[in-house]
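Chemist: Below you'll find the structure I mean.
The values are calculated or read from the model by the stated rules, or taken from the named source; none is laboratory data. On a predicted model such as this, the values are computed, not experimentally measured, just so you know. In this analysis, Cβ positions are derived from the backbone assuming ideal geometry, glycine residues included, and neighbour counts consider all displayed protein chains.
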Amino acid sequence: MSILKRLFQSSSSPNGDDTRSDGDGSAADLPIERYERLEAKEIVDQLSQLSQADLAKVEDFERGHKERGSILAKLGWLREKEPLPGYDELTPAQISEAIADADTVTVKKVRNYERKFQGRREVALETARVLPTARANAEEDKAREAKEARTRQGISERP
């Protein structure tokens, strides 16, 4: 079984999105030290370094306490479903293994997510290497077949 299949099967929620926290909502559970003592700008400056799971903890806490607009706006921009379950905890080697047999949609999701969040050069190089030979997914196959049919029809209708 490929690592990609294992990742999706090990995902604990039906939609693969494990980004909501289960903590009691105390500041001690947050990934930013001294959270309650920091100004909103200081918190916003640290958010881009957090995983999706950690961002969920901060969002839950912020919504249940101060509801500061600047923090919630930044969280809204940063919060995004990981392209693979547990992606933020994967090493570049594990990501490379996972996308080795992935379809083009998954490889593009990994590439875009990596560009937005972590920017690891080795992952960028691997997605660029894998993408040209990645298999198409069902939607892409259907679109390609439709385009080919339109092209054939257009050619046969020429005088």
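Chemist: Within the stretch 139-155, is there a residue that is out of contact with any helix residue (DSSP H, G or I) (no Cβ under 7 Å at 6 or more places or on another chain), without any contact (Cβ under 8 Å) to a residue 60 or more places away in the chain and in a loop (DSSP other than H, G, I, E, B)? Spell out how you get there, then give the answer.
Modeler: Narrowing the stretch 139-155 to residues out of contact with any helix residue (DSSP H, G or I) (no Cβ under 7 Å at 6 or more places or on another chain): 139, 141-155.
Cutting the leftovers down to without any contact (Cβ under 8 Å) to a residue 60 or more places away in the chain gives us 139, 141-155.
Still in the running and in a loop (DSSP other than H, G, I, E, B): none.
No, the conditions are met nowhere in the stretch 139-155.
Chemist: Would you be able to tell me the number of residues in the stretch 108-126 that are closer than 19 Å to W77 by Cβ and not hydroxyl-bearing (S, T, Y)? Break it down into steps so the answer makes sense when it comes.
Modeler: Pass one, the stretch 108-126, residues closer than 19 Å to W77 by Cβ: 109, 111-119.
When the remaining residues are screened for being not hydroxyl-bearing (S, T, Y), the result is 109, 111-112, 114-119.
Selection size over the stretch 108-126: 9.
Chemist: Is it the case that the stretch 21-34 has a residue that's touching a Phe, Trp or Tyr at 6+ places or on another chain (Cβ under 9 Å), surrounded by 15 or more Cβ atoms within 10 Å (Cβ to Cβ), β-branched (V, I, T) and modelled with pLDDT of 90 or more?
Modeler: no
Chemist: Does E114 qualify as being part of a helix (DSSP H, G or I), within 28 Å of D29 (Cα to Cα) and touching a Leu at 6+ places or on another chain (Cβ under 8 Å)?
Modeler: It is false that E114 is part of a helix (DSSP H, G or I), within 28 Å of D29 (Cα to Cα) and touching a Leu at 6+ places or on another chain (Cβ under 8 Å).
Chemist: Now, a different point. So which of D88, D101 is surrounded by 16 or more Cβ atoms within 10 Å (Cβ to Cβ) and either modelled with pLDDT under 95 or more than 12 Å from the chain's Cα centre (by Cα) (or both)?
Modeler: Just a single option satisfies the conditions, and that option is D88.
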